[in-house]
Amino acid sequence: MDVKTVLTFGEKPDLAMAQIALRKTAEECESDKPQAADVLKRNVYMGDICESVDTVKEARKLTVDIGKLLEKEGFKVKG
């Protein structure tokens, strides 16, 4: 069983550990929200999610799906 913990930011390895936790979360949630999980695995840089889609409707759905996936796994999304 995997255990996720809170990271104290400011420590040297914090960003790498956060990225690993985010990728692992995406892998675990692939079956529920495959597109959102794919974006989290491929297009996250320094805590920012960088993804392009063709329509506003797609952007809204993807944003909601990513938010739900992250919330379900205990991540708090800002902004």
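The values are calculated or read from the model by the stated rules, or taken from the named source; none is laboratory data. Predicted model only: the values in this text are computed from it and were never measured. FYI the Cβ positions are ideal-geometry reconstructions off the backbone, even for glycines, and counts take in every protein chain you see.
Against the criterion of being at pLDDT 80 or above, more than 13 Å from the chain's Cα centre (by Cα) and within 20 Å of Lys72 (Cβ to Cβ), Ser52 does not qualify. The numbered conditions (1) small (Gly, Ala, Ser); (2) at pLDDT below 80; (3) in contact with a helix residue (DSSP H, G or I) (Cβ under 8 Å, 6 or more places away or on another chain) are all true for Gly79 except (3). Of the listed requirements (1) assigned to a helix (DSSP H, G or I); (2) modelled with pLDDT of 85 or more; (3) surrounded by 12 or more Cβ atoms within 10 Å (Cβ to Cβ), Leu22 misses just one: (2).
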